[in-house]
Amino acid sequence: MKILKNALLIVGLFTVCAVSINAVQQEESNSVENEKIENKTSNKSVADSYRIESLPMPENLEFAGEGVPLEDPDVFERMDRELLVNTYWQSNALLLIKRANKYFPVIEPILKEEGIPDDFKYLAVIESGLTQAVSPASAVGFWQILEGTGKEYGLEINDNVDERYHIEKSTRVAADYLKKAKERFGSWTLAAASYNAGQYGVDKQLERQKVGDYYDLLLGEETGRYVFRILALKEIMTNPKKYGFSFNESDLYKHIPVEKVKVDTVVKDFPDFAENFGINYKILKVHNPWLRDDHLKNASRKTYYIDIPEEGNYPEVK
């Protein structure tokens, strides 16, 4: 009897162990299967929601009325590269579209008045991203003007005032430079390239390589991409929905109209000055980044015009 009880106990233990092992194996099998299903679903979701596609080359591309020879395989590849890079750098392109709504209304009429093709507004886009940028070479502002060049073209540059940050004045300097470059080269495309490489640098390469067109030149990486980057941003920003950018008018940054206040005296304290016009110091500097300090020395009693945003565009100062 005792032997029978022991035998039954052993059989029971084996049965429990077998059931436990089977349960664990079944659980692991289910886990692996679920993981496979999740991976499959996840992969399907990524493929369905995000597609990286080649872009069709636009027909009849031109810059400032000058055609782009896309029948040249090298030109085609370089243009394709910039379209791809700038389309799929989505955050940057969308920011540029938003900023353009704010700043193009300032730049466009000046270019038109100066006789510069409208396409050159995209040169400012690639130079600075429409920000008051400072380059490693200390080029400054929307048009990335060096100190020597700025002074040569009549801008005031010192610790108190730096008109390279003045959007309107720096746009006129850029326009003046570009008109002279066009007169020298006979081509707006070469004028644009010279904004990056310098007029002497472009002239030297044209003579050395015995060609007369930007698209026939072998240039360094930066200048070689320069005009193509302008063309790519022009194409994308002109046709944003074609390149997958979706936004409402309300998403774009607002162009804020301003009144120009004449100042021909010393200003001891710009925070106090701003308060007199119902704005704070921050907003004053946002609209007048060329004022580089919290006061204006103006010992010579020079006349300046300070931009004051029209009432109702900013919250009331508390």
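Among the helices (runs of 4 or more DSSP H) contained in the stretch 132-210, which hold 1 or more residues that are without any contact (Cβ under 8 Å) to a residue 24 or more places away in the chain, buried (at least 17 other Cβ atoms within 10 Å of the Cβ) and aromatic (Phe, Trp, Tyr)?
On the way: elements: 147-152, 167-185, 188-197, 199-209.
Qualifying helices (runs of 4 or more DSSP H): 167-185.
Considering only residues that are among the aliphatic types (A, V, I, L, M) and part of a loop (DSSP other than H, G, I, E, B), look in the stretch 232-262 and name the one that is farthest from ARG81 (Cα to Cα). Talk me through it step by step, then tell me what you get.
So in the stretch 232-262, the residues among the aliphatic types (A, V, I, L, M) come out as 232-233, 236-237, 252, 256, 258, 261.
Remaining after also requiring part of a loop (DSSP other than H, G, I, E, B): 252, 256.
Numbers: LEU252: 27, ILE256: 35 Å.
The residue in question is ILE256.
Using the structure shown, decide if THR265 is in a helix (DSSP H, G or I), among the polar types (S, T, N, Q), in contact (Cβ under 8 Å) with a residue 12 or more places away in the chain and out of contact with any Pro (no Cβ under 9 Å at 6 or more places or on another chain).
Working: in a helix (DSSP H, G or I): no; among the polar types (S, T, N, Q): yes; in contact (Cβ under 8 Å) with a residue 12 or more places away in the chain: yes; out of contact with any Pro (no Cβ under 9 Å at 6 or more places or on another chain): yes.
So THR265 does not fit the description; no.
Within the set of pairs 6+ apart or on separate chains, which have a first residue in the stretch 97-116 that is in the same structural domain as GLY129 (by TED's automatic domain parsing) and on the phi > 0 side of the Ramachandran plot, a second that is of a type outside the set (Lys, Arg) and in a helix (DSSP H, G or I), and C-beta atoms under 8 Å apart?
GLY115/ALA175
Can you say whether TYR304 is surrounded by 12 or more Cβ atoms within 10 Å (Cβ to Cβ), touching a Leu at 6+ places or on another chain (Cβ under 9 Å) and not aliphatic (A, V, I, L, M), as far as the supplied structure shows? Reasoning before the result, please.
Working: surrounded by 12 or more Cβ atoms within 10 Å (Cβ to Cβ): yes; touching a Leu at 6+ places or on another chain (Cβ under 9 Å): yes; not aliphatic (A, V, I, L, M): yes.
Yes; evaluated as a whole, the condition is true for this residue.
Of everything in the stretch 61-96, what is among the hydrophobic types (A, V, I, L, M, F, W, C), part of a helix (DSSP H, G or I) and either without any contact (Cβ under 8 Å) to a residue 12 or more places away in the chain or touching a Gly at 6+ places or on another chain (Cβ under 8 Å) (or both)? Give them in sequence order.
Of the stretch 61-96, the ones among the hydrophobic types (A, V, I, L, M, F, W, C) are 61, 63-64, 68, 70, 75-76, 79, 83-85, 89, 93-96.
Filter once more, keeping what is part of a helix (DSSP H, G or I): 75-76, 79, 83-85, 93-96.
Matches in the stretch 61-96: LEU95, LEU96.
Being in contact with a strand residue (DSSP E or B) (Cβ under 9 Å, 6 or more places away or on another chain), surrounded by fewer than 16 Cβ atoms within 10 Å (Cβ to Cβ) and acidic (Asp, Glu) is true for just one of ASP264, ASP251, ASP216. Which residue is that?
Values: ASP251 fails: in contact with a strand residue (DSSP E or B) (Cβ under 9 Å, 6 or more places away or on another chain); ASP216 fails: in contact with a strand residue (DSSP E or B) (Cβ under 9 Å, 6 or more places away or on another chain).
Going through ASP264, ASP251, ASP216 in turn, just one is in contact with a strand residue (DSSP E or B) (Cβ under 9 Å, 6 or more places away or on another chain), surrounded by fewer than 16 Cβ atoms within 10 Å (Cβ to Cβ) and acidic (Asp, Glu): ASP264.
Return the total of residues in the stretch 211-231 being over 30 Å from TYR50 (Cβ atoms), of a type in the set (A, V, I, L, M, F, W, C) and assigned to a helix (DSSP H, G or I).
Residues that pass the stated criteria total 1.
Which condition breaks for LYS121 when tested against (1) in contact (Cβ under 8 Å) with a residue 40 or more places away in the chain; (2) closer than 23 Å to PRO289 by Cα; (3) among the basic types (Lys, Arg)?
Unmet condition: (1).
Here's the yes/no breakdown for (1) over 26 Å from the mean Cα position of the chain (by Cα); (2) under 23 Å from ARG164 (Cα atoms); (3) not hydrophobic (A, V, I, L, M, F, W, C):
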{"position": "VAL202", "(1), (2), (3)": "no, no, no"}
{"position": "LYS210", "(1), (2), (3)": "yes, no, yes"}
{"position": "PHE228", "(1), (2), (3)": "no, no, no"}
{"position": "VAL258", "(1), (2), (3)": "no, yes, no"}
{"position": "PRO271", "(1), (2), (3)": "yes, yes, yes"}
{"position": "ILE279", "(1), (2), (3)": "yes, no, no"}
{"position": "LYS285", "(1), (2), (3)": "no, yes, yes"}
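Among (1) part of a loop (DSSP other than H, G, I, E, B); (2) touching a Pro at 6+ places or on another chain (Cβ under 7 Å), which single condition is ASP293 missing?
For ASP293, the failing item is (2).
Hey, can you tell me all the residues within the stretch 130-172 that are among the β-branched types (Val, Ile, Thr) and in contact with a Gly (Cβ under 7 Å, 6 or more places away or on another chain)?
As a first pass, look at the stretch 130-172 and keep what is among the β-branched types (Val, Ile, Thr): 131, 134, 140, 145, 149, 157, 161, 167, 171.
Matches in the stretch 130-172: ILE157 only.
The values are calculated or read from the model by the stated rules, or taken from the named source; none is laboratory data. Since the structure is predicted, the reported quantities are computational estimates derived from the model, not experimental observations. Please note: Cβ atoms are built from the backbone with ideal geometry, for glycine as well, and neighbour counts cover all protein chains shown.
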